[in-house]
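What follows is one structure encoded as structure tokens, with my remarks underneath.
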Amino acid sequence: MKLLLSLLLLLCVASVRSLNVNWYYFDLNALSPYVALYFDGPIDSTLKISNIYVPQESSNSGTASPQQTKFFDMSGNYYDISSLVLPSNTQNPYNIRAIDVAGYEYTYYFNFADMSQFCKSKPNSGNFEYQSCLIGDGSNSNVQAGSMTGVEYNVQTSNTLNLKYQATQSAYGCVRSTLFELSCDPTTDITPVSMSIVGCNYVAKVNSKYACSTNPYFTYTFTDAPNVVKVNVDPSTFTSTLNLYINNEYTTLYNYPLPLC
């Protein structure tokens with residue numbers, strides 16, 4: 001019993017629809033803390049244990065809803081920019097200074113979601129849904145530089161997330177688009193770096209820790225028993241419960257100090 005208490009053992013039944021965990025226990029005092037999972041049958045290396053749901057069909061590029069904030073590559077790594085999304089009614093959006101090839105200066109205002117209220121509150125706005133707008137110095141020109149119709153994404157390069165927003169407004173002879181090149185910088189939430197304007201195509205370079213790819217999978221080791229694995233866990237990331245996706249089926253493990261059964 002003393003050994004059980006020292007290891008904070010938990011014996012319980014956790015049912016997952018496609019795969020059953022008959023019981024499990026935590027050993028958070030081990031040199032490498034783990035939770036041991038005892039399945040109802042043999043398992044193999046196809047077992048996937050993650051902290052979020054991972055789409056089975058992922059692509060390194062494609063088109064998504066402008067509200068999408070998680071982007072997965074074909075290896076299952078993902079980028080989550082939800083923390084960068086400002087409220088749709090923000091009056092303090094992100095901004096970058098820009099100069100076009102003719103030497104005219106602008107401020108480019110943007111969000112990673114809707115910011116129509118801000119752009120529409122400025123002179124010379126239109127009846128559009130804005131993701132971004134470009135406002136000229138002195139001239140007060142106000143053109144839509146990205147809309148809420150969709151976003152093209154590309155995650156082919158590690159620790160780089162590219163997002164392209166297409167405008168719907170035709171102004172000054174063209175319809176604009178903005179390509180965001182978000183590069184991993186673990187030291188900053190977001191730092192707009194630079195913006196280039198070539199005709200109607202804009203490229204905004206931004207650094208952010210949210211452009212650092214995240215591996216959602218837990219590592220685990222097999223044991224001598226064909227139905228048991230030890231899943232490595234970080235005790236600082238949970239308290240009384242540990243939420244897992246086992247082969248994309250959600251389950252919760254309860255870390256109580258005493259065995260329940």
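Observations
- Listed by chain and number, the aspartates and glutamates whose C-alpha is less than 13 Å from the C-alpha of K122, apart from same-chain residues fewer than 8 away, are D137.
- Close amide H pairs (under 5 Å, H built 1.01 Å from N) link N207 with S183, T191, V193, residues at least 5 positions away or on another chain.
- Computed label-point distance, nm, for sites N89 and T188 using a 7 Å Cα→Cβ extension: 3.0 nm
- Cβ-placed point charges (K, R +1; D, E -1), dipole of the stretch 102-261 about Cα centre in debye, nearest 20: 220 debye
- Over all pairs of different C-alpha atoms, the stretch 35-145 has a mean inverse distance whose reciprocal, the Kirkwood radius, equals 17.5 Å.
- Leading residue at positive end of dipole, the chain (Cβ point charges), from G199, T160, A225: G199
- Dividing the alpha-carbon radius of gyration of the stretch 115-261 by the rule-of-thumb value 2.2 N^0.38 Å gives 1.59.
- Once the Cα gyration tensor of the stretch 97-178 is diagonalised, semi-axes √(5λ) in Å: 22, 16, 11
- Carbon/sulfur fraction of accessible area - the chain, other protein chains in place, 1.4 Å, %: 50 percent
- The candidates F218, F180, arranged from most to least accessible area with a 1.4 Å probe in the full protein assembly, appear as F218, F180.
- When the C-alpha to C-alpha distance is required to be over 31 Å, the pairs from K70/K205; K120/K164; K205/K230 that qualify are K205/K230.
- Taking every protein chain into account, the 1.4 Å probe leaves M74 with about 140 Å² of accessible area, to the nearest ten.
- Radius ratio Rg over Rh of the stretch 199-261, counting only Cα atoms, Kirkwood formula for Rh: 1.22
- Note on the stretch 151-229: Cα-only Rg and Dmax are 19.6, 70 Å.
- As computed over the chain, the Cα convex hull volume per residue (Å³): 151 Å³
- In the context of the full set of protein chains, residues of the chain present 51 Å² of accessible surface per residue (probe radius 1.4 Å, heavy atoms only).
- Annotation for the stretch 69-175: chymotrypsin sites (Phe, Trp or Tyr not before Pro) lying in DSSP loop with at most 12 further Cβ atoms inside 10 Å of their Cβ are Y172.
- At R0 = 35 Å, FRET efficiency that the Cβ-Cβ distance of N29 and S75 yields, to 0.05: 0.60
- Label zone of D100 (point 7 Å out along Cα→Cβ, amide N under 20 Å): in the stretch 132-151 this covers 132-147.
- Cβ-based charge dipole, the chain, positive-most Cα from I52, L86, T188: L86
- For the stretch 138-196, the equivalent ellipsoid derived from the alpha-carbon gyration tensor has semi-axes of 26, 16, 8 Å in decreasing order.
- Across the stretch 22-100, the volume of the C-alpha convex hull divided among the residues equals 252 Å³ per residue.
The values are calculated or read from the model by the stated rules, or taken from the named source; none is laboratory data. What you see is a predicted model, and the numbers here were worked out from it, not measured in a lab. Neighbour counts run over all protein chains shown; Cβ positions are idealised from the backbone, glycine included. Surface areas here come from the heavy atoms of the whole protein model, side chains and all, with no ligands, DNA or RNA. Shrake-Rupley method; radii C 1.70, N 1.55, O 1.52, S 1.80 Å.
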